[in-house]
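A short worksheet on the structure shown next.
The values are calculated or read from the model by the stated rules, or taken from the named source; none is laboratory data. The structure displayed is predicted, hence computed values, not measured ones. Cβ placement follows ideal geometry from the backbone for every residue including glycine, while neighbour counts extend to all protein chains displayed. These accessible areas exclude ligands, DNA and RNA; they are computed on the full protein's heavy atoms, side chains included. Shrake-Rupley method; radii C 1.70, N 1.55, O 1.52, S 1.80 Å.
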Amino acid sequence: MSHTPVGGAGLRTPHQDLHSEPGALRGEHPGRSRNPAVKVADLAWLEFEKPDLDRAEVFARDFGFQIAARTERQLWLRGTFAGSPCMVIRRGQASRFIGPAFHAAERADLDRLAHATGSDVRDIDVPGGGRAVVLLDPSGFPVRVVHCAEHLPALPEQQPLILNTGTEHRRTNTAQRPPREPSRIQRLGHVVLETRVFTRALDWYLDTLGMIVSDFLFLDGQRERGPTMAFIRCDQGSTPVDHHTLALHLGPGTGYVHSAYQVTDLDAIAAGGEYLAERGYRRSWGIGRHIQGSQLFDYWRDPDRFMLEHFADGDLFSCDLEPGWAPMSASGLAQWGPPVTRDFLGADPSPAKLRDVMRALRGDNELDPARLLGLMKAMSS
Ligand SMILES: [Fe+2]
């Protein structure tokens, strides 16, 4: 399977109007596969292991999840939207991220995918039952493509506030009183993963799951070596979908960076953030508005130091848009908001990080001294 440019009269490049990002140069990565095995419909859920499910459940409720199912060994979390759960935490020795699960667009796609990858379709342990193909991505994450037998019904929503603007008065004779309560999570939005084999991983997700790139980032001065970060969405044709459901970036480590959950609006982010702060949880970075994807964001650390994001008002793209290209920089992460924190960037040195760097520079992967320097420059620019 190979990549091919999708340029043509029908495709739009909105990036130029939105920011200063131009499109691809001749010969650069086209950001989609010509002939993917399947096209997944969406990110379904994320799988974790943790030693203490009770503590995980307390944080989950404070962060705004609802409990879809709970046993001695498993905690399934969900949002208010109908569909599948958005996270499962299984009891394990250590706290660790296992991998993502994606929704197959239709049941027959599982057979198609199993055939294309030489794997099989098996039953999975999800509330209501389902089937899945389990693959291994080039970074080593197990990736499930699932088809669930049952859809969870929708739960009551947190209502968006009715906002008055200077010229438009939609609310009169009523006070504005956003409740101080956990922001109610609606759904899982995206997951961000770090990998030492960025290009291999990127091509795998495009070729195997039919995902397409919304934005590429490259290291300043090293564009000719290709991108080092990609924001990737599902290809649902003319149906607009989240700007990214998966983001991958090159780094010395291999692992989970953060995952993001949609809430209804800015007040839900802010009031829910106050609720978390009052309970002693640590904000990593926020509140602000991103550039790639435009989401209002607020990043938090759970008790195991996993980063989770509340977001609202993200961009929705159909398959018609070509990737934007921009240099990677810390200041390019937000349109407004407080300065990006060292915690968010993972910039604080630790023995584990140093070991990652040493291992990455020695092994068969895409990190070398020039790129490492480029990444460090990007983090401080
Ligand atoms: Fe995010």
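Across segment 55-82, the qualifying residues are those that are under 18 Å from the mean Cα position of the chain (by Cα) and part of a strand (DSSP E or B), and the one among them that is surrounded by the fewest Cβ atoms within 10 Å (Cβ to Cβ) is Arg78. Screening Pro85 against (1) part of a loop (DSSP other than H, G, I, E, B); (2) touching a helix residue (DSSP H, G or I) at 6+ places or on another chain (Cβ under 7 Å); (3) buried (at least 20 other Cβ atoms within 10 Å of the Cβ); (4) modelled with pLDDT of 95 or more leaves a single unmet condition, (2).
Filter segment 281-323 down to the residues that are of a type in the set (S, T, N, Q) and either within 11 Å of the ligand (Cβ to nearest atom) or not in a loop (DSSP other than H, G, I, E, B) (or both) and list them by number. Of everything in segment 281-323, those that are of a type in the set (S, T, N, Q) and either within 11 Å of the ligand (Cβ to nearest atom) or not in a loop (DSSP other than H, G, I, E, B) (or both) turn out to be Ser284, Gln292, Gln295.
If you go through segment 356-378, how many residues are exposed (fewer than 15 other Cβ atoms within 10 Å of the Cβ) and at pLDDT below 90?
Let us first name the residues in segment 356-378 that are exposed (fewer than 15 other Cβ atoms within 10 Å of the Cβ), namely 358, 362-364, 368-370, 373, 376.
If we keep only those that are at pLDDT below 90 as well, we get 358, 362-364.
So the count comes out to 4.
Among the candidates Trp336, Trp325, which residue alone is at pLDDT 95 or above and open to solvent by less than 20 Å² (accessible area, probe 1.4 Å)? Exactly one of Trp336, Trp325 is at pLDDT 95 or above and open to solvent by less than 20 Å² (accessible area, probe 1.4 Å), namely Trp325. Of the residues Arg187, Arg233, Arg171, the single one that is over 21 Å from the mean Cα position of the chain (by Cα) and either touching a residue at least 12 places away in the same chain (Cβ under 8 Å) or open to solvent by 10 Å² or more (accessible area, probe 1.4 Å) (or both) is Arg171. Among residues of segment 245-280 being charged (D, E, K, R) and assigned to a helix (DSSP H, G or I), the one that is surrounded by the most Cβ atoms within 10 Å (Cβ to Cβ) is Asp267. Residues of segment 198-229 that are open to solvent by less than 10 Å² (accessible area, probe 1.4 Å) and in a loop (DSSP other than H, G, I, E, B): Gly210, Met211, Leu219, Thr228.
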